[in-house]
Amino acid sequence: MSAVALTVSQTGLRPGECYLSDTPVLRPHNGSQPDLFMRWNAVPLDIAAIDVVVHLHGFSRSGGTMPLSEKVPRSGLDLSRRTRPTLALLPRGNWLRYSWYDFPAMLAGGINRLIGHALELFAGAAPFAGGGLALDRFILTAHSGGGMPAVDAIAGSQRPPDEFYVFDGLYGRDPATGDPLRGLETIEHWLRGRIAQEPARAGALRVVYIEQQTGPFSRRVGGLIAKELAAFGSAEAAALHRRYRVEPSAVQHARIAERCGPDLLAAADVEFDWSR
């Protein structure tokens with residue numbers, strides 16, 4: 001449970017997945033083992049860098065005994081239609097009480113350390129031509145209770161994500177503990193820096209929400225996007241809006257990541273076909 005087993009073919013690594021236990025970065029988290037799920041698509045051995053997707057899961061009725069396998073099927077970490085070599089990570093959160101989880105180990109650059117650790121394990125298990133792997137594109141996804149921890153992880157990240165997808169997760173903060181909209185400033189700062197890299201390095205921010213749960217915060221993010229895109233001409237803004245937008249969900253809360261994640265990992269500008 002501490003090593004990655006890979007299958008090598010004549011063209012490179014075959015798609016696979018594994019569970020790992022006692023991940024160093026995740027040791028502060030309270031919960032069951034294994035604590036890290038990894039999945040990858042076909043990976044050529046002559047590459048020097050690979051894309052990494054990190055998904056932060058939501059709450060669990062299983063409480064502190066939640067097996068990580070409970071979160072995998074509905075995480076949206078389906079790489080079957082993604083063409084770029086990609087490593088997907090699903091870390092187990094920190095059980096607080098009842099059904100509540102958070103991700104303190106991902107703060108203050110912890111999410112970057114998790115990626116670095118995973119890349120080291122992955123590269124060490126295969127005969128890559130360069131002997132190691134660097135991070136190319138960083139994609140952060142989050143569902144439900146993982147949404148606000150994902151925003152907090154961005155705030156302390158040394159390498160902010162290129163793409164950020166939130167599935168009904170922008171609940172905001174408890175008004176009793178301060179500003180319920182705290183975190184908007186983090187998204188605004190990241191969004192401004194991200195759009196400044198367009199079109200040389202394309203990115204994305206897609207938020208899918210259910211009004212009665214995460215509507216207010218999500219719509220405020222939509223306002224930030226509109227403000228940034230207003231500086232572009234109509235044609236450029238329209239193209240960017242396909243990758244930067246906030247939209248209501250047509251499926252129930254529990255299924256949003258499962259439904260939207262695979263589409264977004266295949267194409268950041270996808271139009272969701274809610275009839276499927």
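Laboratory data are not the source of any read-out in this text; all were calculated from the coordinates shown. Quick caveat: nothing in here was measured; it's all calculated off a predicted structure. Cβ: placed from backbone, ideal geometry, glycine included. Neighbour counts: every protein chain shown.
Candidates are the residues of the range 92-107 that are charged (D, E, K, R) and surrounded by fewer than 24 Cβ atoms within 10 Å (Cβ to Cβ); the one that is farthest from H55 (Cα to Cα) is R97. Considering only residues in the range 69-91 that are buried (at least 21 other Cβ atoms within 10 Å of the Cβ) and in contact with an Asp or Glu (Cβ under 8 Å, 6 or more places away or on another chain), the one that is nearest to F37 (Cα to Cα) turns out to be P91. The number of residues in the range 158-186 being in contact with a helix residue (DSSP H, G or I) (Cβ under 6 Å, 6 or more places away or on another chain), more than 21 Å from K71 (Cβ to Cβ) and part of a loop (DSSP other than H, G, I, E, B) comes to 5.
Checking the stated criteria, L107 turns out not to satisfy the condition of being closer than 15 Å to W40 by Cβ, free of Cβ contacts under 8 Å to residues at least 60 places away in the same chain and not β-branched (V, I, T). The residues of the range 162-179 that are surrounded by 15 or more Cβ atoms within 10 Å (Cβ to Cβ) and without any contact (Cβ under 8 Å) to a residue 60 or more places away in the chain, listed by number, are D162, F164, V166, L170, Y171, G172. A142 meets all of the listed conditions (1) part of a helix (DSSP H, G or I); (2) buried (at least 20 other Cβ atoms within 10 Å of the Cβ); (3) touching a helix residue (DSSP H, G or I) at 6+ places or on another chain (Cβ under 9 Å) but one, namely (1). Taking the condition without any contact (Cβ under 8 Å) to a residue 12 or more places away in the chain and surrounded by fewer than 17 Cβ atoms within 10 Å (Cβ to Cβ), does E120 pass? When the stated conditions are applied, E120 does not pass them.
Highlighted here are the strands (runs of 3 or more DSSP E) found entirely within the range 56-134 that include at least 3 residues which are under 19 Å from V4 (Cα atoms): 86-91.
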